[in-house]
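The values are calculated or read from the model by the stated rules, or taken from the named source; none is laboratory data. Keep in mind that this is a model prediction, so the values were computed, not measured. Positions of Cβ are generated from backbone atoms using ideal geometry, with glycine treated the same way; all protein chains shown enter the neighbour counts.
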Amino acid sequence: MNLAIAENVSLKPFNTFGIDVKARYLLVVKDVTELPQALLWAKTNNQAVTVIGGGSNVVFTKDINGLVLVLQTQGIKIIEQQASVAIVEVAAGVVWHELVRWSVAQGLGGIENLSLIYGTVGAAPVQNIGAYGVEFKDVCHSVQALNRLTGELHTFTTEQCCFSYRDSLFKHQPEQWIITKVQIKLDYKAPIHIGYAALQQNLPEQIDQLTYAQVSDIVIKTRQQRLPDPKQLGNAGSFFKNPIVSLEKAEQLKQQYPDLVTYPYAIKQVKLAAGWLIDKAGLKGLQEGDIGTYPLQALVLVNYGNVSGKAVLAFAQKIQEIVKQKFDIELEPEPIVL
């Protein structure tokens, strides 16, 4: 099989932030059998390998000197069904939102709250994506990944993935694993989760008979009201994680700021809304050159023109410093910096 490796390719179309850097070599992978060959080619030619999917959670700070693999493998199928539960196998290159729309069209529930999250299925376990009270780990059955060093495929159980808030084993071992497919557990009788405050304004009067497709539509509408479309304004979604603090720290802040937004997290710990902190620090809608915080959601940094990755990081660092000064809280960036 001849690999269609291109040279000196702009990565602007391959990242939702729209940062214009070049890849020395680039291969769009449509068939998973190309992966071992691509890794062998890179090894033979002494080229480092960078793997991306939809490029929705990445900030490029310079040209990538090596081989960039863009995973676009396709395939969604139900492989097992027991009572109301279906195990669905999905290729890593499938667009995540297309999987959600497929799921609700089948009448299957479990991922409708994760509608309109940009990126591919292969990135979902890495980041343990989540929204409106649901995370990828809640539906994960297994994750298949290719070991870059040995070329062998390995299947991870949910427990072996070591999921936590926006975190996983794969996030800490990017040089070792390339996710090739996932298996998720969906359910024709899954409970509906519509308790999140942000969703309330878009709920219909009758909510006792909501379908998964209707919940998905509500989530899409809510996200569109608050978040920019990367096709119009380049962005990488939420730029900072919601910080997790002790109950004691949250109580101290609440005395000073009664409108502090918190979410339950664990015993003696709560999650704070990073967007609220940035907004309260007076940074919502701030713009410096081509980079700024989105006027409707301070958690999102947007590209107003032709921003560089370095300018994005400098702006993010400024936000971190101001929030740290005001609240004594460290904000941690969510996207991967390359």
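Structure above, values below:
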quantity	calculated
Residue that is basic (Lys, Arg), surrounded by fewer than 19 Cβ atoms within 10 Å (Cβ to Cβ) and either within 25 Å of the chain's Cα centre (by Cα) or in the same structural domain as residue 307 (by TED's automatic domain parsing) (or both), where the choices are 30, 43	30
Some residue of region 256-266 being surrounded by fewer than 21 Cβ atoms within 10 Å (Cβ to Cβ), closer than 26 Å to residue 54 by Cβ and among the acidic types (Asp, Glu)	no
Scan of region 140-177 for residues that are touching a residue at least 60 places away in the same chain (Cβ under 8 Å) and either closer than 18 Å to residue 33 by Cβ or in contact with a Cys (Cβ under 6 Å, 6 or more places away or on another chain) (or both), ordered by number	146, 148, 151
Those residues of region 297-338 which are farther than 21 Å from residue 127 by Cα and touching a helix residue (DSSP H, G or I) at 6+ places or on another chain (Cβ under 7 Å), in sequence order	319, 323, 327, 329
Segments classed as strands (runs of 3 or more DSSP E), wholly inside region 33-105, with at least 1 members that are closer than 18 Å to residue 13 by Cβ and in contact (Cβ under 8 Å) with a residue 40 or more places away in the chain	49-52, 64-71
Within region 243-271, tally of residues that are in contact (Cβ under 8 Å) with a residue 60 or more places away in the chain and either touching a helix residue (DSSP H, G or I) at 6+ places or on another chain (Cβ under 7 Å) or part of a loop (DSSP other than H, G, I, E, B) (or both)	2
Qualifying positions in region 219-242 - touching a helix residue (DSSP H, G or I) at 6+ places or on another chain (Cβ under 7 Å) and in a loop (DSSP other than H, G, I, E, B)	239, 241, 242
Counted residues, region 1-52 - those being farther than 23 Å from residue 149 by Cβ and not β-branched (Val, Ile, Thr)	16
When residues of region 199-232 are limited to those that are among the hydrophobic types (A, V, I, L, M, F, W, C) and in contact with a Phe, Trp or Tyr (Cβ under 7 Å, 6 or more places away or on another chain), the one modelled with the highest pLDDT	219
Those residues of region 1-27 which are touching a Gly at 6+ places or on another chain (Cβ under 9 Å) and either not in a strand (DSSP E or B) or not small (Gly, Ala, Ser) (or both), in sequence order	11, 12, 13, 14, 15, 16, 17, 18, 19, 21, 24, 25
Restricting region 88-108 to residues that are of a type in the set (A, V, I, L, M) and more than 20 Å from residue 71 (Cα to Cα), the residue that is surrounded by the fewest Cβ atoms within 10 Å (Cβ to Cβ)	105
